[in-house]
1. Evaluate the stretch 167-190: report whether one residue or more is under 20 Å from the mean Cα position of the chain (by Cα), among the acidic types (Asp, Glu) and crowded, with 16+ Cβ neighbours inside 10 Å.
2. So which residues in the stretch 26-38 are part of a helix (DSSP H, G or I), surrounded by fewer than 21 Cβ atoms within 10 Å (Cβ to Cβ) and either at positive phi or in contact with a helix residue (DSSP H, G or I) (Cβ under 7 Å, 6 or more places away or on another chain) (or both)?
3. With respect to the numbered conditions (1) surrounded by 13 or more Cβ atoms within 10 Å (Cβ to Cβ); (2) modelled with pLDDT under 95; (3) assigned by TED's automatic domain parsing to the domain that holds residue 24, which one is the sole condition not fulfilled by residue 127?
Amino acid sequence: MNLQNTKTQVNLMRAFAGESLARNRYDFAAAQAERDGLPVIAAVFRYTAGQEKEHAEVFADFLRKGGAENVKLEAGFPVDIGADTLALLASAAHNEEQEHSDLYPAFAAEAREEGFGEIARKLELIAQVEHCHAGRFEAFRRLLAEHKLFVSNVDCAWICLNCGHEFNAKAAPQSCPLCGEAGYFIRVEMSPYSYQ
């Protein structure tokens with residue numbers, strides 16, 4: 001596979017750079033969430049940052065296999081300088097949805113036109129994941145904005161992401177009865193490793 005002088009090479013580099021930057025933005029956002037006393041949101045950002053790293057690796061692997069050495073870019077990338085966790089969640093949801101609905105479908109179409117079907121397929125798969133990321137960030141943004149991150153209208157299962165303590169109630173306690181930490185509760189159905 002030779003990517004030299006193709007739109008696909010440039011698009012892969014843009015995607016690689018974008019995923020790499022997203023990972024850092026989410027690490028920075030996790031630190032802000034910690035400062036805001038929201039370690040559960042910090043965990044969401046870090047979890048997603050790890051997935052962005054994997055996407056970057058997929059793109060970097062294609063670039064290496066395609067003979068890319070030094071790819072010049074002219075592209076805009078979001079900075080997401082948010083003052084608080086709520087603003088950072090909104091920016092993250094917006095950026096992820098743009099990758100899903102605009103950027104990666106366009107990159108996939110160009111890759112397919114240039115005869116790079118496998119690259120197009122991976123871009124489409126990653127676009128689906130980005131849609132999930134957007135939904136995840138939007139769900140947590142909405143709960144935080146509505147002051148329902150730790151409160152529900154009905155009994156639901158809660159889990160402390162710090163120690164694993166689970167219980168059913170309409171609200172999470174201020175601090176976990178097992179480990180004593182605050183801000184780690186999440187609805188079990190929103191936990192990344194839920195078995196329910």
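The values are calculated or read from the model by the stated rules, or taken from the named source; none is laboratory data. Source: prediction; values computed, not measured. Reconstructed Cβ throughout: ideal geometry from the backbone, glycine too, with neighbour counts over all protein chains shown.
1. no
2. Listed by number, the residues that qualify are 27, 32, 34.
3. Failing condition for residue 127: (2).
Residue by residue, here is whether (1) touching a residue at least 60 places away in the same chain (Cβ under 8 Å); (2) buried (at least 18 other Cβ atoms within 10 Å of the Cβ); (3) closer than 22 Å to residue 113 by Cα holds:
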residue: 8; (1), (2), (3): yes, yes, yes
residue: 24; (1), (2), (3): no, no, no
residue: 40; (1), (2), (3): yes, yes, no
residue: 45; (1), (2), (3): no, yes, no
residue: 57; (1), (2), (3): no, no, no
residue: 70; (1), (2), (3): no, no, no
residue: 74; (1), (2), (3): no, no, yes
residue: 83; (1), (2), (3): no, no, no
residue: 100; (1), (2), (3): no, yes, yes
